[in-house]
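Novice: Let me give you the structure first, and then I'll get to my questions.
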Amino acid sequence: MANNPRKPDWNPRADEVLKDQIRTYDTIRVKCAVAWSDYQHWTLFRHGDVMRVLEDHQTFSSAASSHLSVPNGMDPPEHTPYRQVIEPYFSNQAVNEFEPTCRNIARNLIKRLPDGQPFDVVEQFSRTFALQIQCAFMGWPDSLHEPLCEWVLKNHQATLARDRKAMAEVAHKFDGYIHGLLETRRQAGANAPRDVTTSLMEETVNGRPMTDEELTSLLRNWTVGELGTISSSVSILLNYLSEHPDLRQRLADHINELPDAIDEILRIDAPLMSNRRVTTRDVEIGGRRIPAGEKITILWASANRDEDVFGNPDAFCPRKNGDRNLLYGAGIHVCPGAPLARMELRVLLEEFLSSVDTLEPAPNGQPERAVFPTGGFSYLPMIIGKR
Ligand code: HEM
């Protein structure tokens with residue numbers, strides 16, 4: 001393939017790609033593992049190339065956007081103190097303390113699912129679960145569920161279209177919600193609720209409190225991290241278990257195998273498609289010369305199915321593949337929310353498997369795959385039979 005960045009090797013937004021992103025990535029990976037497109041610039045499809053980027057943050061900077069992005073868009077040394085502020089919020093203790101709330105939310109949601117009637121998993125289960133746990137974890141009111149849900153959808157649409165004006169409007173709208181939450185707490189002073197949001201407002205970075213701009217950016221990244229990926233993960237997991245009834249039965253009988261199984265299913269079918277970097281010097285990857293200052297797209301959804309590392313990408317082998325699974329990334333930006341996400345998905349499935357006896361695709365319902373930048377489904381009709 002020509003080494004000329006002006007000639008696209010593929011079109012990530014073509015209908016045939018969006019229809020089934022993961023299968024298309026599988027075919028491109030073997031033909032053109034480092035591919036140029038106008039939309040994603042340099043896309044890395046292979047596990048080895050992605051690892052090289054994750055392990056060399058000096059050459060592959062995370063400062064790929066002109067907007068402030070705490071901590072996702074930062075490099076060391078700037079990144080380090082923000083990361084230190086964030087990590088304790090996802091410690092074992094913090095996650096364990098949140099588990100009973102999460103279990104309650106899961107139980108109530110499952111109770112409300114129709115028994116023996118078709119329903120859309122995305123609308124009635126995955127999205128609602130993600131919204132409710134996010135708001136409960138942050139200490140945000142239930143009245144934010146609806147606006148946040150709409151915000152996530154608009155954010156994805158604007159990102160897919162790369163519509164800068166729409167993206168700015170969507171960001172502005174989110175900032176408004178956050179501003180409201182911060183102001184309420186400031187006015188309450190000592191009476192402010194003792195929750196994650198208030199606690200973040202009291203954190204210091206480099207010896208000073210975080211500015212509202214920094215707090216808003218950080219909260220936006222947590223919200224995107226949680227709402228998009230958790231919601232996609234839930235529908236992917238239910239779809240996979242409906243297609244693999246033997247595995248569903250095995251996990252219902254051996255609940256301790258759930259954590260590794262969840263990670264492996266989400267390796268096979270990625271909830272998060274990609275992240276970006278920018279080169280700080282000329283490099284060569286996969287036989288392509290990439291100049292300094294070029295944008296790179298790390299395609300998790302492809303790297304995690306690389307046959308050079310995993311063999312048959314669809315083979316379910318949690319033990320064999322666990323160590324090299326890039327579901328939560330690697331290196332200095334590895335997902336700080338992973339312990340929380342893992343607990344939330346495990347608890348949801350524990351509750352689901354103990355109350356649901358049958359799980360099948362709804363007859364006459366055609367599932368629809370979500371499109372970039374989201375993984376999973378936009379519509380997933382199913383029927384469950386409760387115990
Ligand atoms: C299944 C769910 C999730 C998946 C698959 C996921 C995946 C990832 C990945 C792959 C990265 C690395 C990005 C990069 O290298 O550029 C990342 C970073 C991040 N994630 Fe998650 N994540 C999930 C849930 C969460 C949750 C629940 C939160 C917080 C509430 C969260 C917050 C973040 C943040 C703040 C970063 C940036 C870290 C940094 O730049 O140092 N994620 N996530």
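Novice: Are there any helices (runs of 4 or more DSSP H) wholly within segment 1-63 with 3 or more residues that are over 25 Å from residue 330 (Cα atoms) and out of contact with any strand residue (DSSP E or B) (no Cβ under 6 Å at 6 or more places or on another chain), and if so which?
Specialist: Passing ranges, in order: 15-19.
Novice: May I ask you to say which residue of 277, 281, 305 is assigned to a strand (DSSP E or B) and at pLDDT 95 or above?
Specialist: Selected residue: 277, the only one of 277, 281, 305 that is assigned to a strand (DSSP E or B) and at pLDDT 95 or above.
Novice: Could I ask something else about it? Can you tell me how many residues in segment 96-134 are polar (S, T, N, Q) and within 23 Å of residue 366 (Cβ to Cβ)?
Specialist: Summing the residues that are polar (S, T, N, Q) and within 23 Å of residue 366 (Cβ to Cβ) in segment 96-134 gives 4.
Novice: Follow-up question, since we're still on this one. Looking at 280, 297, which is the one that is surrounded by fewer than 18 Cβ atoms within 10 Å (Cβ to Cβ), out of contact with any helix residue (DSSP H, G or I) (no Cβ under 7 Å at 6 or more places or on another chain) and not hydrophobic (A, V, I, L, M, F, W, C)?
Specialist: 280
Novice: Consider segment 313-342. How many of its residues are without any contact (Cβ under 8 Å) to a residue 24 or more places away in the chain and small (Gly, Ala, Ser)?
Specialist: The number of residues fulfilling the criteria is 1.
Novice: How many residues are farther than 15 Å from residue 240 by Cβ and not β-branched (Val, Ile, Thr) when one looks only at segment 350-369?
Specialist: 11
Novice: If the Cβ limit is 7 Å and pairs must be 6+ apart or interchain, which residue in segment 258-280 that is within 21 Å of residue 320 (Cβ to Cβ) and among the basic types (Lys, Arg) pairs with which residue that is more than 9 Å from the ligand (Cβ to nearest atom) and modelled with pLDDT of 95 or more?
Specialist: Listed by first residue and then by second, the contacts come to 267/304; 267/321; 267/325.
Novice: Which residue pairs have Cβ atoms under 6 Å apart, sit 6 or more places apart or on different chains, and have a first residue in segment 79-106 that is touching a residue at least 40 places away in the same chain (Cβ under 8 Å) and within 15 Å of residue 133 (Cβ to Cβ) and a second that is among the polar types (S, T, N, Q) and buried (at least 17 other Cβ atoms within 10 Å of the Cβ)?
Specialist: Here the result reads none, with nothing in segment 79-106 linked to a residue that is among the polar types (S, T, N, Q) and buried (at least 17 other Cβ atoms within 10 Å of the Cβ).
Novice: Same structure, new question: How many residues are β-branched (Val, Ile, Thr), over 27 Å from residue 74 (Cα atoms) and within 16 Å of the ligand (Cβ to nearest atom) when one looks only at segment 304-349?
Specialist: 1
Novice: Here are some residues: 156, 145. Which one is in contact with a strand residue (DSSP E or B) (Cβ under 7 Å, 6 or more places away or on another chain), assigned to a helix (DSSP H, G or I) and more than 20 Å from residue 213 (Cβ to Cβ)?
Specialist: 156
Novice: Sticking with this structure for a sec: Since residue 66 meets every condition but one in (1) at pLDDT 95 or above; (2) out of contact with any His (no Cβ under 9 Å at 6 or more places or on another chain), which condition does it not meet?
Specialist: Exception for residue 66: condition (1).
Novice: Hey, any hits in segment 239-261 for a residue that's surrounded by 19 or more Cβ atoms within 10 Å (Cβ to Cβ), of a type in the set (Phe, Trp, Tyr) and in contact with a Leu (Cβ under 7 Å, 6 or more places away or on another chain)?
Specialist: Looking through segment 239-261, none of the residues is surrounded by 19 or more Cβ atoms within 10 Å (Cβ to Cβ), of a type in the set (Phe, Trp, Tyr) and in contact with a Leu (Cβ under 7 Å, 6 or more places away or on another chain).
Novice: Given (1) farther than 29 Å from residue 305 by Cβ; (2) more than 14 Å from the ligand (Cβ to nearest atom), identify the lone condition not met by residue 250.
Specialist: Of (1) farther than 29 Å from residue 305 by Cβ; (2) more than 14 Å from the ligand (Cβ to nearest atom), only one is false for residue 250: (1).
Condition check ((1) buried (at least 17 other Cβ atoms within 10 Å of the Cβ); (2) more than 27 Å from residue 340 (Cβ to Cβ)) across all residues:
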site	(1), (2)
152	yes, no
163	no, yes
166	no, yes
173	no, no
183	no, no
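Novice: Same structure, new question: Would you point out the residue of segment 187-212, among those that are loosely packed, with under 12 Cβ neighbours inside 10 Å and part of a helix (DSSP H, G or I), that is nearest to the ligand (Cβ to nearest atom)?
Specialist: Among them, the one singled out is 188.
Novice: Sticking with this structure for a sec: Kindly check whether there is at least one residue in segment 84-100 that is outside any helix (DSSP H, G or I), of a type in the set (Ser, Thr, Tyr) and away from the ligand (no atom under 11 Å from the Cβ).
Specialist: Yes; the residues of segment 84-100 include at least one that is outside any helix (DSSP H, G or I), of a type in the set (Ser, Thr, Tyr) and away from the ligand (no atom under 11 Å from the Cβ).
The values are calculated or read from the model by the stated rules, or taken from the named source; none is laboratory data. Here the structure is a predicted model, which is why all the values come from computation and not from measurement. Virtual Cβ from ideal backbone geometry, glycine too; neighbours counted across all protein chains shown.
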